[in-house]
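Single-structure report; data block below.
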Amino acid sequence: MLDFEKLLNKSQLEAVLQTDGPVLVLSAAGSGKTRVITYRIANLIQKGIHPYNILAVTFTNKAAREMKERIFKIIGSNANGILISTFHSMCAQFLRDEAENIGLNKNFSICDSQDQKNIVKQCLNKLNLDDKKFIPNVISSLIGRAKDDMISASEYRSNAEKRGEFFFITVGEIYEIYQKTLEESQNLDFGDLQFKVVEMLENNPKILAKFQERFKYIMVDEFQDTNYCQYLMIKLLSGKYKNICVVGDDDQSIYSWRGANVENILNFENDFANTKSIKLEQNYRSTKNILKAADKLVKNNIERKNKTIWTENEVGEEIVYIQTQSEKYEAEFIAKEIQKLANEGYSLNEIAIFYRTNAQSRIFEEVFRNLGVPYILVGSIKFYDRKEIKDVLSYLKVIINPNDTINLKRIINLPARGISDKSIDLVESLQKDGDSFFDILTNIVMGAYTEEKVPNRLVKSIQKFHSMIIELMKNANKMTLREIINTVLEKTGYMQSLYEDNTIYKDSRIENVMELVSAAGDFEETFGDVSLEGFLEHTVLINDIDKLNNETQKVTLMTLHLAKGLEFPIVFLTGMEEGLFPNSKVDYDKNELEEERRLCFVGITRAMKKLYCLAAMQRKIYGMTKMHLPSRFLKEAGILDDIIDKQNNYINPYAKFDDYINKYDKQNNNNHYRYYEKGEKFNENKVFKKGERVKHPSFGIGTILDFYGRDDNKTVYIKFYNGIEKRLILKYAKLEKYISYLE
């Protein structure tokens, strides 16, 4: 028997022992929420609840895997039967189990995000729409959000027509064709997986009753990240027994752009009667100095549950704030600091660099390559999104679902076998209602059409392809996953086409395909699942964070959105500038500002021991160079408290920095990264230029944007770092050149 009182703190114990009825666990960053969930499950088992009646849902495969490992470590084989899964994997399983009862093909394929965009492009072509006005990425996102909100294609279009919004009426038309394309190909996208489960539960009382009877105890991790569809699903599943425990932190709700609704956690107590609310506020991850800044920052938000994050950990080092001249110096400073930290005994895998946008990674990659700093970039082209991998996966999808027209069209002439795009159009023209693309191929092979309709040359090419697919379908169930993939590579001629490739990508493509074979073997060993359907589902639903290897001796580069759920001893939080972080949208959207602040809170609370916050005076991003003030979040977090110039009310970014750099120089016997202010002596006819930085006795430091007039009336237009813009007569302005640079 487990003695929970010895294993948990007071708040954790309360959450673990409260097993019945609705429970809201507000879990601050680093407060042990996974520990609470796993021990709560252990307590349920210890109380005699059958594992089959327990459901735990989270958002990433990595989180689900860690949860399973912890539970099995605690209670061993008694954990067999518990369903611990991500939302998407759980929904895919539910739909396959109930496919026959809801008119769905059990062997449906799952479209990944790239497939979804490609289908949108096809829809745009059918409607003769310009993809510059109707950008596929945007349309795909709008359709996804509609499904998150449980809005069907017809409802979406109808709503837009009522509002008289032409753009969204057209999006509704695209959505309708998009959905029809998926249905005809027996494909589901990510949104469908959840949408159709909610539809199934709402429209089939017997199925709902079956699931409610099975899952008598439900736990949801990261509840602040749920969308409306997921919320409805959980409410339906827990509707009978109402033993629903949700764990999350409203201060870490950062995914509204992909449908997450922070109101789900904020309003939970109102929606579920007699809810028991418990706060986990003690942090076990970070130092006191790091948490003090995080707590001070996030309390500037209004839409949040009141809680205070605290720790018994050491005070720790002060947070280091550094403002560099440009993004290049930002990256170079970090590279040098990493080398210094490595010399002090830190491992590279203990260091992470976070940034607001993917575009910021380029300069770090360039500088790190030049200076020999090993790194791993999380969020680059995913392995399963690479062309050669998607090609092979398309063959596998067709083998289990020949009616998957989307993937069938992709591989019918890959490698080239004489079936051109015009040939594909011809086959499509022969389709009638109810016929799939593969049905028409079968009819052609059976001689259903005259040579006038289908030329003999094309018939022969289709016969060869068709017989190959049929043979692969017959033999697939007799082989392991590795054998299936190797057979596909050989029989289709795809591997031979890679060897004959004369481009510079030849070797890497061959290596990637062989890695896919290894991945299939690993899947069999790890999950004990030898089904092709299971492997294909895994490849679609896995993401970059799931594959992050903490043992790799490389510095981690990633966006702040990908960082949630992770922790590192050392964190560099970069690009801390107004207009970048927070982004420019916050000037007219209060909700956007609060989410940006939560994102900063997430970044700060990933750090365990050391936190560096960096900003650049000027930054070139998306091809434009702009001057920036340091982020307001630095002041809100108290990081810039002691470097505010009270008289001129502008931020002097160097006060703290000089102390740090002096110490740094003495330790490293160099001054390569030393900032300093240089007062130059000029003659009376000081010459100033556009773009030059100057210092005014009252307004502080600024940049010259333009000049007007001449002689004694010459006026200078300056934008100061405090946000003030002034036109001053140059003769009386008392300006000094302001130079601050790396020596």
Subtracting the Cα-Cα distance of residue 692 and residue 242 from 0.36 nm times their residue separation yields 155.5 nm
Once phi is turned into ³J(HN,Hα) by the Karplus curve 6.51 cos²θ - 1.76 cosθ + 1.60 with θ = phi - 60°, what whole-Hz value does each residue of segment 93-103 show in order, with x for glycine and proline? 5, 4, 5, 5, 5, 9, 3, 5, 7, 10, x
Go through 496, 463, 442 and say which Cα lies farthest out towards the positive end of the charge dipole of segment 395-498; charges sit on Cβ, +1 for Lys and Arg, -1 for Asp and Glu. 496
What residues from segment 229-250 fall in the zone where the backbone N is under 20 Å from a label point 7 Å along the Cα-to-C-beta line of residue 273? 232, 234-246
Using 1/(1 + (r/R0)^6) with R0 = 30 angstrom and r between the beta carbons of residue 20 and residue 300, what's the FRET efficiency to the nearest 0.05? 0.20
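Treating only the Cβ of Lys, Arg, Asp and Glu as charged (+1, +1, -1, -1), what charge dipole size does segment 409-499 show about its Cα centre? Round to the nearest 20 debye.
On the way: 13 positive and 11 negative charges, 69 e Å.
Rounded to the nearest 20 debye, it is 340 debye.
Nothing charged except the Cβ atoms of Lys and Arg (+1) and of Asp and Glu (-1): what's the magnitude of the dipole of segment 464-560 about its Cα centre? Round to the nearest 20 debye.
340
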Tilt, helix 228-237 to longest principal axis of the chain (alpha-carbon atoms), in degrees rounded to tens, equals 60
At R0 = 30 Å, how high is the FRET efficiency between residue 78 and residue 206 if r is their beta carbon distance? Nearest 0.05 is fine. 0.50
3J(HN,Hα) from dihedral phi, segment 53-65, Karplus parametrisation 6.51/-1.76/1.60, rounded to Hz, x for glycine, proline: 9, 10, 10, 10, 10, 9, 10, 10, 4, 4, 5, 5, 5
Between residue 357 and residue 158, what is the spin-label point distance in nm, taking each point 7 Å from the Cα along the Cα→C-beta axis? 4.0
Taking protein heavy atoms only, a 1.4 Å probe, and rounding to whole percent, the accessible area of the chain owed to carbon and sulfur comes out at 47
Cross-link candidates for residue 689: which aspartates and glutamates have Cα within less than 15 Å, leaving aside residues fewer than 8 places away along the same chain? 706, 736
Under a Cβ-only charge scheme (Lys and Arg +1, Asp and Glu -1), can you give me the dipole magnitude of segment 152-209 about the Cα centre, in debye to the nearest 20? 160
Segment 381-510 pair-distance distribution - Cα-Cα, 5 Å bins, rounded %: 2, 9, 20, 22, 19, 13, 9, 4, 1, 0
Relative to the first principal axis of the alpha-carbon coordinates of the chain, what is the inclination of helix 288-298, with its axis defined by its Cα atoms, in degrees from 0 to 90 and to the nearest 10? 80
Angle check, please: helix 205-214 long axis (alpha carbons) against the longest principal axis of the chain (alpha carbons), in degrees 0 to 90, nearest 10. 60
Distant alpha-carbon pairs in the chain (separation over 45 angstrom), percent: 34
What does the extension gain come out to for residue 314 and residue 138, with contour length at 0.36 nm per residue minus their alpha carbon separation? 58.7 nm
Highest mean first, what order results for 142-154, 45-57, 554-566, 465-477 on Cβ atoms within 10 Å? 554-566, 142-154, 45-57, 465-477
Explain nothing, just compute: Karplus ³J(HN,Hα) = 6.51 cos²θ - 1.76 cosθ + 1.60, θ = phi - 60°, for every residue of segment 334-346 in order, whole Hz, x for Gly and Pro. 4, 4, 5, 5, 4, 4, 5, 5, 4, 5, 7, x, 6
With every protein chain present, what is the per residue accessible area of the chain (1.4 Å probe, Å²)? 46
Computed label-point distance, nm, for sites residue 213 and residue 125 using a 7 Å Cα→Cβ extension: 5.0
Can you quote the Å³ per residue value for the convex hull of the Cα atoms in segment 127-267, rounded to an integer? 135
R0 = 41 Å: FRET efficiency of residue 263 with residue 711, Cβ-based, nearest 0.05? 0.10
Counting only residues 5 or more places away or on other chains, whose amide H sits under 5 Å from the amide H of residue 554 once H atoms are built in the peptide plane? 349
Per 0.36 nm of contour for each residue apart, how much would the distance between residue 343 and residue 480 grow if the chain were fully extended, relative to their Cα-Cα spacing? 44.6 nm
What Kirkwood Rh does segment 43-173 have if only Cα atoms enter the pairwise 1/r average? Answer in Å. 18.2
When the helices in the chain are scored as -39500 (n - 2.57) per DSSP H run of 4 or longer and the sum is shared across all residues, what 222 nm value do you end up with, to the nearest 500 deg cm²/dmol? -14000 deg cm²/dmol
Between 339, 311, 329, whose Cα lies farthest towards the positive end of the dipole of segment 303-350 when Lys and Arg beta carbons carry +1 and Asp and Glu beta carbons carry -1, centred on the Cα centre? 311
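The values are calculated or read from the model by the stated rules, or taken from the named source; none is laboratory data. What you are looking at is a predicted structure, and each value in this text was computed from that prediction instead of being measured. No Cβ is skipped: glycine too gets one built from the backbone with ideal geometry, and neighbour counts run over all protein chains shown. Note: areas computed on protein heavy atoms with side chains; ligands, DNA, RNA excluded. Shrake-Rupley method; radii C 1.70, N 1.55, O 1.52, S 1.80 Å.
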